[in-house]
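Novice: Structure provided below as structure tokens; questions to follow.
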Amino acid sequence: MRQQFSDALKEAMKAGDKRRVSTVRLITSALKDRDIEQRGLGKEPLSDDEILGLLTKMVKQRQESMKIYEDNARPELAEQEREEIAIIMGFMPQQMDDAQVAAAIDAVVKETGAAGMRDMGKVMAALKERHAGQMDFGKASAAIKARLSAG
């Protein structure tokens, strides 16, 4: 993934795409910060799955900012956040739709033998392991709760 970021930065610089250049630089900067933090803790640099988690967090931050800008009548700033979200999501795997998320939850529930709310952590951990960066785990959490309380 790291190579993807440097390639994207070079392409954006050649194309003169200022928004893309600044967004990719934000990603690489956040990645370097996390790598330095990891090194300080005596750990390895971030794995691709951890990088996906970082990208997901960056998208979520921008979605929150976008909502604040829209609520405060700042459409130009909301649009800037929207553009950054699109660029960041370009580095992430395709997001699963609601039907795919429900199917993944059903499969994991069956596989783990989850029978009630006390098994929610087990189901969530399995989903995060298999589908990192592919689903919104906030929404998935609600769906898991509904599935386990009905089950």
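Laboratory data are not the source of any read-out in this text; all were calculated from the coordinates shown. Just so you know, these numbers come straight off a predicted model, no measurement behind them. Reconstructed Cβ throughout: ideal geometry from the backbone, glycine too, with neighbour counts over all protein chains shown.
Novice: Over the range 41-151, what relative contact order in percent results from Cα pairs under 8 Å that are six or more residues apart?
Specialist: Relative CO of the range 41-151 lands at 27 percent.
Novice: Oh, and also: Run the numbers for THR112 and GLU44: contour at 0.36 nm per residue of separation, minus the present Cα-Cα distance, in nm.
Specialist: Additional length available on full extension: 21.5 nm.
Novice: Oh, and also: To the nearest 500 deg cm²/dmol, what mean residue ellipticity at 222 nm is calculated for the chain from DSSP H runs of n ≥ 4 alone, each contributing -39,500 (n - 2.57), summed and divided by the residues?
Specialist: Result for the chain: -25500 deg cm²/dmol, rounded to the nearest 500.
Novice: Considering the values (1) 1.04; (2) 2.07; (3) 0.95, which represents Rg/Rh (Cα atoms, Kirkwood Rh) as calculated for the structure under consideration?
Specialist: Entry (1).
Novice: Would you please put 83-90, 39-46 in order of how densely packed they are, using the mean number of other Cβ atoms within 10 angstrom per residue and starting with the highest?
Specialist: 83-90, 39-46
Novice: Further question: Note the count of lysine pairs whose C-alpha atoms are less than 16 angstrom apart in the chain, limited to pairs 8 or more residues apart or on different chains.
Specialist: The result is 12.
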